[in-house]
Structure formats: C-alpha cells, structure tokens
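Notes to accompany the following structure.
The values are calculated or read from the model by the stated rules, or taken from the named source; none is laboratory data. Keep in mind it's a predicted model, so treat the numbers as computed, not measured. Glycine gets a Cβ as well: all are built from the backbone with ideal geometry, and neighbour counts include every protein chain shown.
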Amino acid sequence: MAELEPLYSAEEMRAAEASHDVDAMMQRAGEAVAEQLMHRFPDARRIALHAGGGANGGDGRIAAEILRAQGREIVDERPDVVIDALLGTGLKGAPRDETSALIEQINLGGVPVLAVDIPSGVNASTGEVAGAAVNADVTVTMHGQKVGLAVAPGRFHAGEVVVADIGLEPAETEHRLVTAEILAEVPRRSAGDNKYSAGHVLVVGGSRGMTGAPALAARAALRADVGYVTIAAPTESLPVLETLVLEAVKRPLDDVFEAAAKAKAVAVGPGLGRETEAKELVRRLLAEVELPMVVDADALFELEPGEWPAPRVLTPHEGELARLLGRESKEIAAHRLASVLEAAEKFRAVVVLKGEDSLVAAPGRRVLVSALGLPSLSTAGTGDVLTGVTAAFLAKGMEPQRAAAAGCAAQQLASHEAAQRYGLVASDVVEALPRALALGIG
C-alpha cells in the first residue's frame, strides 16, 4: 500500500473509464454489488432496487438480475435490503423533488441500504450534500475511493466503503487519501543522534488555568520522538507545568525569542489566551521567527495573513476556520473541501481542517485527506496532541504538508492503539503515539 492513494472526482473517473468497454465495466460493477450484498446480508431474500436511467442504474439492474438468478426476489414492498442506484457520481446540486422524496422513503424504510458507487444525493467530487441524501450501510464504489466518500458530510452517508475492481488502471488524482504508510516517511533516530539533533520543539502557551493544553502538546512532541522540548509560558504557570511535564525545559514567556533561537520548530497557541499581549506575541513570532511553526487554538484568534519568513501550519477546527474566513461554522461544515483550499490560498500556508476527515491543504497543491481515526478522538485536548506531533515532525525536517498529514495519521492511528474505546482522553492518545509510530516501521 502506498502512503497516498487516489481519491477520484466524477471527472477523473470519467477520464479513467474513457476508451474502456462500458458493457464490460458495468458487468463487473453489477457482479461486485451482487457479491457484496450476498456476502453481507446472506439471509436477505427480498431485495428492492431503486435505479436511475444512467450507468449507475445499469449497474444496479445487472446486480438485480444476478441476485434473481441466485434465488433472491426483486420486490417493491417489504424488502430485506435496498439497493440505491439512483443517481451515481454525476450529481451536482440537490436531487429533484421526486427523487428527494424517494430518498427520504429509503432512509425511513428501516432496512439496510447498499449504495452503488456513491449514496444518491452526495456530490462525488466534493462530499457536499445539497439536499436529501441516502444513508447507506455499505457503499460499493467502482475502481477507487471517491472524494465524496472520504470528505464530510458525504462520508457520513456512505457507511462501510468497499472498492470494487472493474478492470481499470490507477490514475493520478488531484486529491489523495492518506494511509498509515505515510509514517514511514517520519525520520527515525540514528546511532549518531543526540537529543538536539533528534529534534527540538518550542511550545508557546499556557496562560493561567490553561496549562493542560501546552502540557499535552509538549508530551505529544516527546512521544513523537523528538529529543528536546521547551515550554515558554507565563511565569505564574511555570510551577504547574513543572509538575505536568517532567521532561520538558520551562522558560518564562519573556524569554520566548531566546528559546526559539535554539529550537527547530515552534508550536504556538495551546492555552495562550486571547488578550492583546498574547495576540501581539503571536504576530511577532509569526513575523520574526525563521522556523517552521504550528499555529493552533488561541493563536488563530483574529489571525491575519502576513509575509511570514518560514512555513506555517494552521490547524483550525470548523469554528476557528469560520472566523478566519468570515463565515458561519455550518457553511464550513457543508463545504469543507472548498473552505480549506480557500484558507490555504488566503494565508499562503498549510491549513489542516480538523475532523474525522482531517483535510490538509497547501497553496497550489492537492488536498491530503487523513481519515484513519476512531470517533473516540472527539474529546478535549486531542487537538493539542495533534499540534505537538506536527511540530515534532517539522522539527525532524519533514516537508510541511507531509508533516501535517503524517501528524494527523499518527494522532488518528493512536486512537486505535489506545486501550480505551470508550472514555478515551487526550493523555491516552499521547501514550499510544509510540505504538502508532511503530506502524510506519516496515
């Protein structure tokens, strides 16, 4: 498996299919749908097919014929399973009213749904959902993952995704899906390394009452295998930080530029606060420090683009990105791909739009989608963990977009490596990071 896999848009799929035998591809697609249905729902005898007039509907009709030949009954009422082959990958915008009504009927049916290629109502090229959309339990998608199956909100309609081989060769795509193999790119310590050459991260934050955030970032950087971490924080916070992170050096915030002179990467924002002094410090750090820098949490508040002397990685969630772009959070959630691309161009920086599908954009480059984690990551402090890991990979010399994508992958895979499936807290993710990183050693 490669570290990045293709994510196809509708147009890219049309290009991949060009000059191939359409009937042969449809036959393979129909066979794959029928095979998956019989495998996953072996007791289902009554199958309802909702098929449109295009190729997607054709795939569904071929599947239905195969199922009928295998003794299943194709019915209009009281099905055991529904096949959704209504719209396919060509949809742009909302379905028509009569199709929307049928989609709502499918969703209210109370039986499993298998979608052909992509759930009807989901934009295959963006993941956007402009109206009604099928909630599938399984999606059998042809040739390769579609953007709309990986990017929210579309991904939340797809259920489990199965890729069916229909006889096409892999092709280059604009956007790519991150796999665990990206962790093989993270530089490992060699016999000649010392604690400084293994990477030195400076974490800036930790105002009163918010010392946990920089502590998590610092501990994550250490567990991501850097050799040295310094925390610069307000003087009144230093005694607390001394007890929270034994291995990190602590410096008063007044010494932050002196500390930066010895570091290889900076993480600014965790628990920093939003006072005028904090915002001015962020502005100066971004403008003056010639080191790669992760900008998170409070450092994103009222952030403006600037002529920065080194790479910057911004890591907003949807609410923070909404403020950066002057939008509502719900608009960002509905248009995640377009929003992260806009932000990367506006700030001329790598931007990570966090979520179950973390989107990593860079100016003029394709988006890398990292969706390897468990829902248990939706808990306070995991964003600080991501900040620390990404800063660690920057300190090790990784290219910024790849460092951010690898940081997302490490944090997400740690959710699998942690012992806790319920009640996971950010500290559990930190402690699982070494096991996640070991996945990249082949």
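Every condition in (1) touching a residue at least 40 places away in the same chain (Cβ under 8 Å); (2) in contact with a Pro (Cβ under 9 Å, 6 or more places away or on another chain); (3) part of a helix (DSSP H, G or I); (4) not polar (S, T, N, Q) is met by Ile103 except one, and the failing one is (1). When Asp384 is tested against (1) over 23 Å from Glu3 (Cβ atoms); (2) assigned to a loop (DSSP other than H, G, I, E, B); (3) in contact (Cβ under 8 Å) with a residue 40 or more places away in the chain; (4) not polar (S, T, N, Q), just one condition goes unmet, and that condition is (2).
When we screen Ala395, Ala419, Ala391 for residues that are assigned by TED's automatic domain parsing to the domain that holds Pro434, more than 14 Å from the chain's Cα centre (by Cα) and free of Cβ contacts under 8 Å to residues at least 60 places away in the same chain, the only hit is Ala419.
Taking the condition β-branched (Val, Ile, Thr), assigned by TED's automatic domain parsing to the domain that holds Ala51, modelled with pLDDT of 95 or more and surrounded by fewer than 24 Cβ atoms within 10 Å (Cβ to Cβ), does Thr139 pass? Spelling it out, it is not the case that Thr139 is β-branched (Val, Ile, Thr), assigned by TED's automatic domain parsing to the domain that holds Ala51, modelled with pLDDT of 95 or more and surrounded by fewer than 24 Cβ atoms within 10 Å (Cβ to Cβ).
Okay, residues lined up against (1) surrounded by 24 or more Cβ atoms within 10 Å (Cβ to Cβ); (2) at pLDDT 95 or above; (3) not in a helix (DSSP H, G or I):
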site: Arg323; (1), (2), (3): no, yes, no
site: Ala333; (1), (2), (3): no, yes, no
site: Ser339; (1), (2), (3): yes, yes, no
site: Glu342; (1), (2), (3): no, yes, no
site: Lys346; (1), (2), (3): no, yes, no
site: Val352; (1), (2), (3): yes, yes, yes
site: Gly355; (1), (2), (3): no, yes, yes
site: Leu359; (1), (2), (3): yes, yes, yes
site: Pro363; (1), (2), (3): no, yes, yes
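The lone criterion from (1) at negative phi; (2) more than 14 Å from the chain's Cα centre (by Cα) left unmet by Gly364 is number (1). Comparison of Ser197, Ser190, Ser207, Ser237 shows that the only residue that is assigned to a helix (DSSP H, G or I), more than 16 Å from Val389 (Cα to Cα) and either charged (D, E, K, R) or assigned by TED's automatic domain parsing to the domain that holds Ala380 (or both) is Ser237. Counting the residues of the stretch 255-277 that are touching a residue at least 24 places away in the same chain (Cβ under 8 Å) and outside any loop (DSSP other than H, G, I, E, B) gives 8.
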